[in-house]
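Novice: Let me give you the structure first, and then I'll get to my questions.
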Amino acid sequence: MSVLKKTFHINKKDFIHAGEASIKIKNLLKSLNTDPKLIRRVAVCGYEGEMNVVMHGGEGFLNIQINTGKILLNISDDGPGIEDIERAMEKGFSTALDKYREMGFGAGMGLPNMKENSDHFTIESEKNRGTRVGMVFFR
Amino acid sequence: MIVKELTDQLELQIAAGEKGLSREVLDGYCGDLLSDVMGRAPEGCIWLTVQGHQNILAIAVLREMAAIIIVGGHTPDEDTRQKADEEGIPILLWPKSAFELAGRLWAIIGKK
């Protein structure tokens, strides 16, 4: 199988289209006969990443690269960045605004869910310099 | 059991997504925190929530749910109804508490 790459744009505060990139990725992986458990893991990570960018980030991109042996998922944004990454990775810690919490977001599980559902997880961020999350899934 | 049979048995109101009424219900899940639902809801489940905004549809599609039941007299937004019709995921309404409905669902589809 050749390498397949796709990029999706994520708009700031766009709750209407949030999740659509992950649904497209899920359908794409399904059409490639990917193991359903792996599809679910990638979909969870994609969705959490999209929501993070929509709620906290600026403009963002979700990139997926599907190789024979692995899937790479990278999500980046040019938002305000994360001041304390260690705290952001703690389950239950969230900086989401009340209006997002009322919608059921901001449980402080987004980044931990992404880490748990991927085989390799990296996060890079600096105040005012955006955030980049990279995940690898072995097939 | 399919969504239509449960809808009839429990007298649930159908708010949207009628073309998905033949989806099979394999399990159930209750939750209003979307990350929790996204991380844990089982495939083919019927999901009980108070959330009525359209992001619930993305969760239901990604987790391959059978249907969503909005409980406690809450109602879906118009955008949510539209998206449910597009995706063919039924949105059902239950006027009383999730607790009572979950108990009744457990008696019908519950499993160890």
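The values are calculated or read from the model by the stated rules, or taken from the named source; none is laboratory data. Only a predicted model underlies this, so the values are computations on that prediction, with no experimental measurement involved. All Cβ positions, even for glycine, are placed from backbone atoms using ideal geometry, and neighbour counts span all protein chains on display. Surface areas here come from the heavy atoms of the whole protein model, side chains and all, with no ligands, DNA or RNA. Shrake-Rupley method; radii C 1.70, N 1.55, O 1.52, S 1.80 Å.
Novice: Find how many whole Å separate the alpha carbon centroid of the stretch B:65-112 from the alpha carbon centroid of the stretch B:1-51.
Specialist: Rounded to whole Å, the Cα centres lie 5 Å apart.
Novice: What whole-number value in cubic angstrom gives the convex hull volume per residue for the C-alpha atoms of chain B? The partial results should precede the final answer.
Specialist: Numbers: hull volume 9.3 nm³, N = 112.
It comes to 83 Å³ per residue, whole-number rounded.
Novice: While we're on this one: For the interface of chains B and A, what total accessible area is buried with a 1.4 Å probe, rounded to the nearest 100 Å²?
Specialist: That pair hides around 1900 Å² of surface in total.
Novice: What is the angle, in °, between the Cα long axis of helix A:20-31 and the longest principal axis of the Cα atoms in chain A? Nearest 10 is fine, range 0 to 90.
Specialist: 20
Novice: If eta is 1.002 mPa s and T is 20 °C, what Stokes-Einstein diffusion coefficient results for the protein assembly as shown, Kirkwood Rh from Cα pairs, in µm²/s?
Specialist: Taking Rh from Cα pairs, D becomes 115 µm²/s.
Novice: Another question about this same structure. Percent relative contact order of chain B, based on C-alpha pairs within less than 8 angstrom and at least six residues apart?
Specialist: Details: 243 pairs, mean separation 34.8, N = 112.
Reported relative contact order: 31 percent.
Novice: Further, regarding this structure: Note down the relative contact order for chain A as a percent, whole number, built from C-alpha pairs under 8 angstrom at least six residues apart.
Specialist: 27
Novice: Give the peptides B:60-66, B:97-103 in descending order of average Cβ contacts within 10 Å, highest first.
Specialist: B:60-66, B:97-103
Novice: Additional query: When the accessible area of the stretch A:4-138 is split by element with a 1.4 Å probe, what percent falls to carbon and sulfur?
Specialist: 49
Novice: May I ask you to list the lysines whose Cα is less than 22 Å away from that of B:K96, ignoring any residue fewer than eight positions away on the same chain?
Specialist: B:K4
Novice: Quote the accessible area belonging to B:L92 in square angstrom, nearest 10, computed with a 1.4 Å probe and with ligands, DNA and RNA left uncounted.
Specialist: 0
Novice: Turning to a different aspect of this structure: Ranked highest first by the average count of other Cβ atoms within 10 Å around their residues, in what order do A:28-40, B:35-47, A:11-23, B:1-13 fall?
Specialist: B:35-47, A:11-23, B:1-13, A:28-40
Novice: Over the Cα atoms of chain A, what is the Rg over Rh ratio if Rh follows Kirkwood?
Specialist: That ratio equals 0.95.
Novice: What is the magnitude of the charge dipole of the protein assembly as shown about its Cα centre, with +1 placed on the Cβ of each Lys and Arg, -1 on the Cβ of each Asp and Glu, and no other charges, expressed in debye to the nearest 20? Don't jump to the answer; show the numbers that get you there.
Specialist: Working: 31 positive and 35 negative charges, 150 e Å.
That gives a dipole near 720 debye.
Novice: Roughly speaking, what is the centre-to-centre gap between the stretch A:1-33 and the stretch A:67-107 when only Cα atoms are used, to the nearest Å?
Specialist: After rounding, the separation between the Cα centres reads 18 Å.
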